[in-house]
Each structure stands twice: as C-alpha cells, then as structure tokens.
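Just so you know, all these numbers are worked out from the coordinates, no wet-lab data involved. All figures in this text were calculated on a predicted structure; none of them were measured in a lab. All Cβ positions, even for glycine, are placed from backbone atoms using ideal geometry, and neighbour counts span all protein chains on display.
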C-alpha cells in the first residue's frame, strides 16, 4: 500500500517548511514548493532569509525547489506548512491553507497522505480542508487517500 521510498512534497518554504525539507531530505527525495518565485530563486542559490541554514544544507541534492505546481505531480506525501496569519479583526486568514489544499486536490491520487503542519483552529482541517479535497473527486477518505482527523473534545 505505501511505498518504501515515498516522494515527499512540502508546500510552503518558510520557517517551518524549509527545516522540514532539509530534515526529510536526509531520508527521502523532497520537493519544496512555494508560490513566491523570489523565495524559490533564493533557495536555489542556497540563501535562507531566516539565516537558519548554511548554503550546503539548502542545496542538498535530495531537495528540488519550485514555484510551479507541476512539481507536485508524483507526490506520495503532502505536508502543508503555509502561514495562517491573523486578520485585523483577529480572525485567521485561511486563504493560504485553502489555496494549498486546492493545489493538492489537483494532484491527489490513490494512497496519498496529507499532513497539515499549519496552525489552525480546532476543526478547520475537517470543516474547511477536507471538503475541498473530496469535492469533484472520486477518491474516498481513508480508503484511497489518508488524512488524519483527531477526535474533537466537546
């Protein structure tokens, strides 16, 4: 059912995504995706705006960086690490996580695993992301693709 050497794609190459990409690249081939072309261009040159990693770590041969969605085509495991900033009214801006989910939906296939590392309110992935993933698709949750929902405490 699961591949021995899965292809991992990390969506969002910020302060959470980049460290994950570098860590995972020790064990797997990793695709680092970000919508920001300037961010991707800097990473391709080995430049970390957060000054957390050295050039040699960023340029590991097991990591490919891109802002083109087609890089996600043969992904087995999607890890979403996009920001969820607060709006002026102190409500979360879900636009980045919604957009990431819509992108994943395009490339979602049987036996994929989706992990959300973005900070969201309880129930967000179940109420917002899951319906986006299952709409207009014939894949069934936890049969064809896997999305871990934690039990909600009332």
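Worth pointing out:
- Calculated diffusion of the stretch 8-147, Stokes-Einstein form, Kirkwood radius summed over Cα pairs, 37 °C and 0.692 mPa s, µm²/s: 212 µm²/s
- Cα shape, the stretch 61-112, gyration tensor, a/c 1.5 rule: prolate
- The stretch 27-70: C-alpha gyration tensor shape, a/c 1.5 cut-off, then a/b vs b/c: oblate
- Considering helices alone, the calculated mean residue ellipticity of the chain at 222 nm is -6500 deg cm²/dmol, with DSSP H runs of length four and up weighted by -39500 (n - 2.57) and normalised per residue.
- Exposure proxy for 141, 72, 18, 51: other Cβ atoms within 10 Å of each Cβ, ordered fewest to most, give 51, 141, 72, 18.
- Stretched out straight at 0.36 nm per residue, the stretch from residue 26 to residue 98 would grow longer than its current Cα-Cα span by 23.0 nm.
- FRET efficiency for the pair residue 130 and residue 59, taken as 1/(1 + (r/R0)^6) with r the Cβ-Cβ distance and R0 = 25 Å, rounds to 0.10.
- Three-way shape call for the stretch 1-91 based on the alpha-carbon gyration tensor, with the a/c threshold at 1.5: oblate
- Degrees between helix 95-107 axis and first principal axis of the chain (Cα, 0 to 90, nearest 10): 90 degrees
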